[in-house]
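Engineer: Pasting in a structure now, in structure tokens, and then I'll have a few things to ask.
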Amino acid sequence: MPDIVAFVPELLPAWAGLHNACFATAHNFWRVDSRHLRARVVNAPGFDPDLLLFARDGTELLGVAHGGLSPRGPELFYIGVHPTARRGGLARALVSELARRVGAPRPDCRGMNPFWGTARGPETSFFGMVEGIGAAADDAAARGFFAACGFTPGPSAHNLRVTPATLDLEPGRDARRRAEMLGYEFGLMRGRCPVVGAGPEQMRPLAGRDWFSTVALHGGTVAGVAVGFATPELGPGRFGVFALEVDPAHRRRGLGSALVNQLLLDMQGGPFAACEVTTVPDESPGALELYERLGFAACARFTLWA
């Protein structure tokens with residue numbers, strides 16, 4: 001069995017190579033290097049090198065696991081094993097050593113730690129999805145590993161994509177016309193995200209990349225907001241929807257469709273190739289129906305683990 005060692009800066013280049021090998025087949029994979037890992041993980045507030053663990057055979061890294069403490073207790077943030085070294089117990093060994101150091105971890109399936117996923121605002125996950133610890137719904141090996149660790153499968157997360165060929169703006173235009181007749185005003189905020197139910201001057205604390213918000217105002221308060229961001233690491237003209245929220249008092253009036261529609265129009269101010277969004281139908285079935293109505297189609301499905 002390879003040795004389990006903690007992170008030291010000298011491992012950065014080998015870690016980048018391991019990461020790229022582990023996740024090369026993941027949805028929306030993008031190749032990282034030492035600079036990305038240093039900026040996003042190692043230099044992030046709260047990073048503990050003793051909780052970023054590697055399985056090492058001589059000088060070769062074969063597996064990696066990252067965990068830590070959150071308000072919810074010990075959590076597993078990130079795990080990967082080189083394709084040539086899978087099914088040999090390395091992932092279990094990494095999780096066991098992490099448990100010895102920080103306590104038995106639960107998987108952080110919603111990316112709410114400071115290093116991976118969407119915790120800091122609009123981000124594209126290094127490993128392809130934006131919801132933290134998850135696995136493609138048809139990945140039997142990952143499903144077996146998570147179950148063997150005592151984790152339980154949670155809801156499915158669906159990635160939906162719209163392209164110029166599938167985009168249908170008419171439902172959103174109709175929804176906006178109806179909303180404007182009811183007294184709603186629409187606007188665009190760049191680099192800002194207002195709080196639903198509050199005045200437009202109150203901002204949600206997001207950080208990370210450049211992002212922009214389409215906002216619906218009613219009576220001086222924010223009735224709804226849709227937040228988008230560019231994902232240039234996935235290619236030119238690629239975007240994501242980070243959030244869509246409508247105040248409960250203003251739902252069923254077409255605001256969601258109108259907000260997403262306007263967000264897509266704003267994306268088309270430059271090159272526009274595709275836009276993706278992650279939805280969890282068990283928790284928000286209406287969102288899935290809304291995006292499909294606007295031309296989004298399924299492109300990946302993940303199981304979130306709890």
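Just so you know, all these numbers are worked out from the coordinates, no wet-lab data involved. The structure presented is a predicted model; accordingly, all values stated were derived computationally and were not measured. Counting neighbours? That spans all protein chains shown, and the Cβs are built from the backbone with ideal geometry, glycine included.
Engineer: When Lys and Arg each count +1 and Asp and Glu each count -1, what net charge do the other residues less than 14 Å away from R106, Cβ to Cβ, add up to?
Structural biologist: Net charge in that neighbourhood comes out at 0.
Engineer: If you compute Cα extents along the principal axes in Å for the structure shown, which of (i) 66, 50, 34; (ii) 68, 36, 35; (iii) 57, 48, 34 do you land on?
Structural biologist: After the calculation, the listed value that fits is (ii).
Engineer: Compute the signed sum of charges (Lys and Arg +1, Asp and Glu -1) over the other residues within less than 9 Å, Cβ to Cβ, of E276.
Structural biologist: Within the 9 Å Cβ shell, the charges total +2.
Engineer: Using Cα springs under 10 Å in a Gaussian network model of the chain, which residue among L188, L290, L265 shows the largest mean-square fluctuation?
Structural biologist: Result for the chain, Cα springs under 10 Å: L265 fluctuates most.
Engineer: Sticking with this one: Could you rank the peptides 279-288, 219-228 by their average count of other C-beta atoms within 10 Å per residue, with the highest value first?
Structural biologist: Ranking the peptides 279-288, 219-228 by packing returns 219-228, 279-288.
Engineer: If we sort 60-68, 37-45 on the protection proxy, mean other Cβ atoms within 10 Å, highest first, what's the order?
Structural biologist: Descending mean neighbour count gives 60-68, 37-45.
Engineer: Ok, one more. Could you work out [θ]222 nm for the chain from helices alone, using -39500 (n - 2.57) per DSSP H run of at least four and dividing by all its residues? Round to the nearest 500 deg cm²/dmol.
Structural biologist: Helices in the chain give a 222 nm mean residue ellipticity of -7000 deg cm²/dmol.
Engineer: Using Cα-Cα distances under 8 Å and only pairs 6 or more residues apart, what relative contact order does the chain have, in percent?
Structural biologist: 18
Engineer: Only loop residues by DSSP count here, and only those with at most 11 other Cβ atoms within 10 Å; note down the trypsin sites (Lys or Arg not before Pro) in the stretch 214-263 that meet that.
Structural biologist: When the trypsin sites (Lys or Arg not before Pro) of the stretch 214-263 are filtered for loop state and at most 11 Cβ neighbours within 10 Å, R252 remain.
Engineer: Among F242, F115, F151, whose mean-square fluctuation peaks in a Gaussian network model of the chain (Cα, cutoff 10 Å)?
Structural biologist: Answer for the Gaussian network model of the chain: F151.
Engineer: Give the Rg/Rh ratio for the stretch 3-151, taking Rg as the radius of gyration of the Cα atoms and Rh as the Kirkwood radius, to two decimals. If you can, show how the numbers build up before the last one.
Structural biologist: Details: Rg = 13.9 Å, Rh = 15.2 Å.
My calculation puts Rg/Rh at 0.91.
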